[in-house]
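Heads up: the structure comes next, in structure tokens.
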Amino acid sequence: MLKCSFCNCESVYLARYSGLHYCRLHFTASVERRVKRAVREQRIFERGQRVAVAVSGGKDSMTALHLLSSLASARRGTEIIAVTVDEGIRGYRDRSMEVVSDFCSIRGIRWVTRSYSEFAGFTMDMLSSARRERTTCAYCGVFRRTIMNALAREAGADVIATGLNLDDTAQSVLMNMSRGDTDRIAMMGPHESSVQGLVPRVQPLRHIPENEVLLYAMVSGIPFLQSSCPYAEEASRNMFREVLLRIEDEMPGARHAMVRAASRAAFPRRGGKAGSCASCGDATSGERCRACELREEAASLVGRGD
Ligand SMILES: [Zn+2]
Ligand SMILES: [Zn+2]
């Protein structure tokens, strides 16, 4: 029997990047300690009274919501608000919304949602079957970000916490690095202040590898939906995921190093006139924001009915 590096109990997990074995108890304590460190480093509770958590119902966002709401309950005057965007994807989002809804009502967490139907007049199911040149994700990413931001702003939140884990972040670093997109790397967050009119984003799970989030959610009994979006067209992200795991396998600790390197290199974006969108008033460098452009384009594709 392999033993925990901290006590005499049986090991349930080996962190290869540190060589440490963990029993169940020491594993959960270690995850919680690293999340608390991220919360301190990013000053998540110090910036104001309200923290919005972007929740999809998957393991990462549910774990972030669980941990932040536990930490917030020990602090007077701090409120957690769960925020969910309903893309209108039958058999997927409706099921995950149920998971979030049940969890929030049991834990007494305020939950606000907005659908693509309310925002743009159509669902993702409708857009996916319309003839179009862009991928569904091209619209979805922009709409989701815009709606999340609006919901957080309306709820009076000072930051939006996302469930991005160590692997997600390292994948984005690799992707943006490979495209030479230093602006994107600088914008990845966590944000210290509002960037381009957006509520600053923070990442409490930033130090936790994906497999550890999954194990933590399972041993802690956190409910979550395991399926992924039926329209996901993330071929390139999947390639980076595989490459990253290969690198990590050969060089344990590489993910941590990449994320550290990127955050040291992050710089505030220079220049770019911060005007406001003629249609919705959101910050944009052009005449109208990307969300408004894509919303109009998508609406005409759905409306064409072919
Ligand atoms: Zn132990
Ligand atoms: Zn706009």
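The values are calculated or read from the model by the stated rules, or taken from the named source; none is laboratory data. Please read these numbers as outputs of a predicted model, since none were measured by experiment. Here the Cβ is made from the backbone with ideal geometry for all residues, glycine too, and neighbour counts use every protein chain on show.
Is it true that some residue in region 201-212 is within 16 Å of ligand 1 (Cβ to nearest atom) and at pLDDT 85 or above?
Yes: one or more hits.
With respect to LEU20, determine if the residue is over 18 Å from ASN211 (Cα atoms) and out of contact with any Asp or Glu (no Cβ under 7 Å at 6 or more places or on another chain). Break it down stepwise before answering.
Values: over 18 Å from ASN211 (Cα atoms): no; out of contact with any Asp or Glu (no Cβ under 7 Å at 6 or more places or on another chain): yes.
The answer is no for LEU20.
For region 67-92, residues that are free of Cβ contacts under 8 Å to residues at least 12 places away in the same chain and closer than 25 Å to VAL219 by Cα total 3. The sole residue among MET187, MET175, MET148 that is at pLDDT below 90 and on the phi < 0 side of the Ramachandran plot is MET187. Out of SER18, SER5, I need the residue that is loosely packed, with under 15 Cβ neighbours inside 10 Å and either aliphatic (A, V, I, L, M) or more than 21 Å from PHE224 (Cα to Cα) (or both). Which one? Going through SER18, SER5 in turn, the sole match is SER18. Screening LEU215, LEU245, LEU225 for residues that are at pLDDT 90 or above, within 16 Å of ligand 1 (Cβ to nearest atom) and over 22 Å from ARG47 (Cβ atoms) leaves exactly one candidate, LEU215. Residues of region 1-23 that are within 27 Å of the chain's Cα centre (by Cα) and either among the small types (Gly, Ala, Ser) or within 8 Å of ligand 1 (Cβ to nearest atom) (or both): ALA15, SER18, TYR22.
Just so you know, in region 274-298 the residues that are more than 10 Å from ligand 2 (Cβ to nearest atom) and modelled with pLDDT under 90 include one that is farthest from the chain's Cα centre (by Cα), and it is GLY275. The set of residues from region 93-103 being surrounded by fewer than 20 Cβ atoms within 10 Å (Cβ to Cβ) and not aliphatic (A, V, I, L, M) comprises ASP94, ARG95, GLU98, SER101, ASP102.
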